[in-house]
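The values are calculated or read from the model by the stated rules, or taken from the named source; none is laboratory data. For clarity, every value in this text was computed on a predicted model and none was experimentally measured. We place every Cβ from the backbone using ideal geometry, glycine too, and count neighbours over all the protein chains shown.
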Amino acid sequence: MDLFDSILYGFQVTFEPANLLFCAVGVLIGTMVGVLPGIGPVAAMALLLPATFHVTPTASLIMLAGIYYGVQYGGSTTSILVNIPGEASSVITCIEGYQMAKKGRAGPALGIAAWGSFLAGTMSVVGLMLVAVPLARAALSFGPPEYFALMCSGLIILTNLAQGSIHKALMMALVGLILGNIGLDIMTGLPRFTLGLNELTDGVGIIPLVMGIFGITEILTNLEGTAEREILKTSLRNLWPSLKDWAEAKWAMVRGSIIGFLLGILPGGGAILATFVSYAVEKKISRTPEKFGHGAIEGVAGPESANNAAAGGSLIPLLSLGIPPNPVMAMLFSALIIHGIQPGPLLIRDHPDLFWGLVTSMYVGNALLLVLNLPLIGIWVQVLKVPYKVLFPLIILFCLIGVYSMNNTVFDLYVMAFFGAGGYLMRKFGYEPAPLILAYVLGPQLEQNLRQALLISQGSFMIFITRPISAAFLVAAFLLLISNVLPFVKKRRKEYDAFEE
Amino acid sequence: MRAYDLRSSLFWLLLAIIVLIGSIRMGVGRPSNPGMGFLAFGASGLLVIFSLLLFLRAHYRKEKPGVSLPLFSGDWKNVLLVLGFLIFYSALMPHLGYLISTFLLLTVLFWIMERASILHPVLLSICSTLLTYVIFSKWLNLQFPEGLFSF
């Protein structure tokens with residue numbers, strides 16, 4: 001099939017009634033999750049994953065992906081109207097979006113955010129189609145050493161792009177690898193670190209782990225504060241931006257889309273980093289940088305485009321290499337595994353309905369989101385008014401039901417509570433959960449590839465150096481690590497010299 | 001942050017040592033024939049090194065007096081209460097069934113959030129429990145525990 005036939009085939013799959021319904025449900029839930037602070041895309045996907053067990057893998061993936069890019073749309077509403085980011089990827093939109101709303105320009109801010117998201121989402125889907133297929137073909141020549149090196153460098157890039165300390169991010173990745181080791185050994189079938197508990201022979205479940213670390217932790221953190229929200233009373237008319245707004249925002253949207261798409265591909269990059277980079281770029285190249293911080297429309301258009309483009313970009317490593325670049329993609333990875341589909345270079349060839357159906361559903365989903373976010377904005381403002389004191393107990397209940405329904409065992413509830421408390425303490429002590437989740441998901445594959453590579457080489461680690469692709473990945477990862485350590489060493493040397501003097 | 005890093009590094013160090021010992025017991029194997037503790041040995045070994053480095057860095061780091069923030073600010077008692085009731089709920093659900101245990105949990109959670117009259121939390125939790133029971137158990141056919149009272 002050539003590209004055109006594939007796209008047509010994809011639309012055929014997307015327009016099957018069940019898939020279309022799941023696409024609509026996904027973007028609707030995504031927008032709601034984006035609007036409401038307290039539950040992020042990862043926890044929402046974990047919550048709804050058990051509900052997709054009885055449908056086809058394509059419908060399941062379409063819905064889960066819809067939640068992800070729907071969240072990016074919905075997050076902007078809260079940022080602009082309440083000055084509280086609905087999602088971490090909407091933090092930067094608060095700066096300019098809320099200022100615009102305060103000046104009575106909430107309508108154009110919401111409008112440009114929705115249009116920017118739509119254009120970026122569409123552009124990233126085109127990019128995804130063009131890049132994923134050739135990359136998957138190239139990845140067919142990868143063996144265990146290449147995969148091991150790729151996963152190692154992915155984890156190292158992820159820790160480098162972590163928001164906090166790289167040192168702590170690396171530690172979290174190691175803890176994730178250890179967690180991924182719990183359960184039956186893939187080669188001998190014997191239990192490891194199960195503490196004698198039968199429930200742990202299949203390992204720690206991804207759903208209770210993610211719900212604990214992301215869902216429960218978020219609620220516990222919010223419980224500490226007063227958590228009061230004040231919605232700005234402003235005009236929501238003129239949602240269609242003026243020609244002047246378009247002129248000011250159009251290149252910001254294009255730049256945001258490109259930045260978001262490229263950073264989305266990188267492990268750990270994702271939507272959050274893309275919005276910060278896009279905002280910084282817009283501010284730097286603006287002819288009127290003094291407008292930034294006082295309601296510059298480019299500061300809304302760029303980051304909002306970037307976070308949506310990143311959603312499309314981050315699907316590339318997952319669908320073509322089988323490597324999730326961020327925790328959201330780790331959830332999609334788990335969904336594929338649960339449905340008996342191995343993510344990787346063979347996915348596009350063996351499951352064209354899933355790949356092309358998913359890609360084209362994103363076109364349809366983006367169009368649906370435009371309808372949901374502009375004419376129906378009033379409904380989302382009403383959703384924003386649901387008080388925390390009602391919302392939080394219900395979110396906890398949905399987390400409990402979601403986790404319990406996975407295996408019908410209360411053991412998973414204990415696991416969720418344990419990781420909820422652990423995630424809360426990790427946040428307090430400055431540890432980021434993303435490297436842990438990713439290493440946990442990649443751990444079993446990483447181990448399998450490492451052991452297979454060593455068996456092939458009869459115990460020689462040189463196999464990772466003598467094979468060019470593997471060596472290139474490892475050298476890149478090593479250089480990245482060194483680039484972080486060198487400034488630290490230089491600083492210490494200067495301090496020592498100063499002390500000597 | 002210095003005190004937090006000192007404490008957390010010691011925790012990770014302890015965990016890493018436990019895993020390291022466990023992986024050695026399971027069998028690390030040889031590079032030509034890696035055992036089932038191979039990866040855990042490598043990961044926990046690196047975690048020992050990183051934890052020690054974090055401890056040393058935190059120990060020798062100078063922090064201005066008064067910079068350190070309290071670990072638990074705000075209403076941290078609510079956090080402990082919610083966590084405690086989550087564990088209690090997990091223990092109670094197989095015995096009391098979904099309806100009763102969820103009603104109790106939600107009443108407590110709504111009450112923690114409101115801290116005013118008990119009537120409002122009770123009404124909210126009755127509605128939420130019944131609604132979720134109908135949606136998840138009757139419509140979506142999820143198997144909730146029935147408990148002692150068989151409902």
If you scan the stretch A:342-362, which residues turn out to be surrounded by fewer than 19 Cβ atoms within 10 Å (Cβ to Cβ) and either within 22 Å of A:V42 (Cα to Cα) or in contact with an Asp or Glu (Cβ under 7 Å, 6 or more places away or on another chain) (or both)? A:Q342
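Based on what the data block shows, is A:P433 more than 11 Å from chain B (Cβ to nearest Cβ) and closer than 23 Å to A:A169 by Cβ? Please lay out each step first, then the result.
On the way: more than 11 Å from chain B (Cβ to nearest Cβ): yes; closer than 23 Å to A:A169 by Cβ: yes.
For A:P433, the condition - more than 11 Å from chain B (Cβ to nearest Cβ) and closer than 23 Å to A:A169 by Cβ - is met.
Of all the residues that make up the stretch A:462-479, how many are surrounded by 13 or more Cβ atoms within 10 Å (Cβ to Cβ) and part of a loop (DSSP other than H, G, I, E, B)?
Start the filter on the stretch A:462-479 by keeping residues that are surrounded by 13 or more Cβ atoms within 10 Å (Cβ to Cβ), which leaves A:463-465, A:467, A:469-478.
With part of a loop (DSSP other than H, G, I, E, B) added as a condition, the list becomes A:467.
Count: 1.
Let's see how each residue does on (1) touching a strand residue (DSSP E or B) at 6+ places or on another chain (Cβ under 6 Å); (2) at pLDDT 90 or above; (3) charged (D, E, K, R):
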{"residue": "B:F55", "(1), (2), (3)": "no, yes, no"}
{"residue": "B:A58", "(1), (2), (3)": "no, no, no"}
{"residue": "B:G66", "(1), (2), (3)": "no, no, no"}
{"residue": "B:D75", "(1), (2), (3)": "no, no, yes"}
{"residue": "B:N78", "(1), (2), (3)": "no, no, no"}
{"residue": "B:V82", "(1), (2), (3)": "no, yes, no"}
{"residue": "B:M93", "(1), (2), (3)": "no, yes, no"}
Which condition does A:N83 not pass, out of (1) over 19 Å from the mean Cα position of the chain (by Cα); (2) within 14 Å of chain B (Cβ to nearest Cβ), if it passes all the others? (2)
Residue, surrounded by the fewest Cβ atoms within 10 Å (Cβ to Cβ), within the stretch A:222-245, restricted to residues that are modelled with pLDDT under 85 and part of a helix (DSSP H, G or I): A:E224
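Does A:I156 fit the bill of being touching a residue at least 60 places away in the same chain (Cβ under 8 Å), crowded, with 18+ Cβ neighbours inside 10 Å, more than 11 Å from chain B (Cβ to nearest Cβ) and of a type in the set (A, V, I, L, M)?
Numbers: touching a residue at least 60 places away in the same chain (Cβ under 8 Å): yes; crowded, with 18+ Cβ neighbours inside 10 Å: yes; more than 11 Å from chain B (Cβ to nearest Cβ): yes; of a type in the set (A, V, I, L, M): yes.
Taking the combined requirement at face value, the residue satisfies it.
Hey, among B:L131, B:L123, B:L86, which residue is in a helix (DSSP H, G or I), modelled with pLDDT of 90 or more, buried (at least 19 other Cβ atoms within 10 Å of the Cβ) and of a type in the set (A, V, I, L, M, F, W, C)?
The conditions single out B:L86.
Looking only at the stretch A:208-225, which residues are more than 9 Å from chain B (Cβ to nearest Cβ) and out of contact with any Gly (no Cβ under 7 Å at 6 or more places or on another chain)? Step through it out loud before you land on a result.
So the first thing to find is which residues in the stretch A:208-225 are more than 9 Å from chain B (Cβ to nearest Cβ), and the list is A:208-215, A:217-218, A:222.
The answer is A:P208, A:L209, A:V210, A:G215.
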Of everything in the stretch B:16-54, what is of a type in the set (F, W, Y) and more than 9 Å from every other protein chain (Cβ to nearest Cβ)? Give them in sequence order. B:F41
Within the stretch A:314-333, which residues are part of a helix (DSSP H, G or I) and closer than 14 Å to A:F355 by Cα? A:L315, A:I316, A:P317, A:L318, A:L319, A:S320, A:L321, A:L332, A:F333
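Per-residue answers, yes or no, for (1) over 14 Å from A:I401 (Cβ atoms); (2) surrounded by fewer than 18 Cβ atoms within 10 Å (Cβ to Cβ); (3) more than 8 Å from every other protein chain (Cβ to nearest Cβ); (4) in contact with a Phe, Trp or Tyr (Cβ under 8 Å, 6 or more places away or on another chain):
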{"position": "B:V82", "(1), (2), (3), (4)": "yes, no, no, no"}
{"position": "B:L92", "(1), (2), (3), (4)": "yes, no, yes, no"}
{"position": "B:L96", "(1), (2), (3), (4)": "yes, no, yes, yes"}
{"position": "B:S101", "(1), (2), (3), (4)": "no, no, yes, yes"}
{"position": "B:L106", "(1), (2), (3), (4)": "no, no, no, no"}
{"position": "B:F110", "(1), (2), (3), (4)": "yes, no, no, no"}
{"position": "B:S117", "(1), (2), (3), (4)": "yes, yes, yes, no"}
Some residue of the stretch B:30-37 being within 21 Å of A:Y440 (Cβ to Cβ) and either modelled with pLDDT of 95 or more or touching a Pro at 6+ places or on another chain (Cβ under 9 Å) (or both): no
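Would you mention how many residues in the stretch A:445-456 are farther than 13 Å from A:E146 by Cβ and touching a residue at least 60 places away in the same chain (Cβ under 8 Å)?
Taking the stretch A:445-456 and keeping what is farther than 13 Å from A:E146 by Cβ, we get A:447-448, A:451, A:454-455.
Subsequent filtering for residues that are touching a residue at least 60 places away in the same chain (Cβ under 8 Å) retains A:447-448, A:451.
Residues that pass the stated criteria total 3.
So that you can scan it fast, the table gives a plain yes or no per residue for (1) assigned to a helix (DSSP H, G or I); (2) surrounded by fewer than 16 Cβ atoms within 10 Å (Cβ to Cβ); (3) within 24 Å of the chain's Cα centre (by Cα):
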| position | (1), (2), (3) |
| --- | --- |
| B:F11 | yes, yes, yes |
| B:L14 | yes, yes, yes |
| B:I17 | yes, yes, yes |
| B:L20 | yes, no, yes |
| B:R25 | yes, yes, no |
| B:M36 | no, no, no |
| B:A40 | yes, no, yes |
| B:A43 | yes, no, yes |
| B:L46 | yes, no, no |
Hits in the stretch B:1-15 (condition: more than 9 Å from chain A (Cβ to nearest Cβ) and either touching a Leu at 6+ places or on another chain (Cβ under 7 Å) or among the basic types (K, R) (or both)): B:R2, B:L13
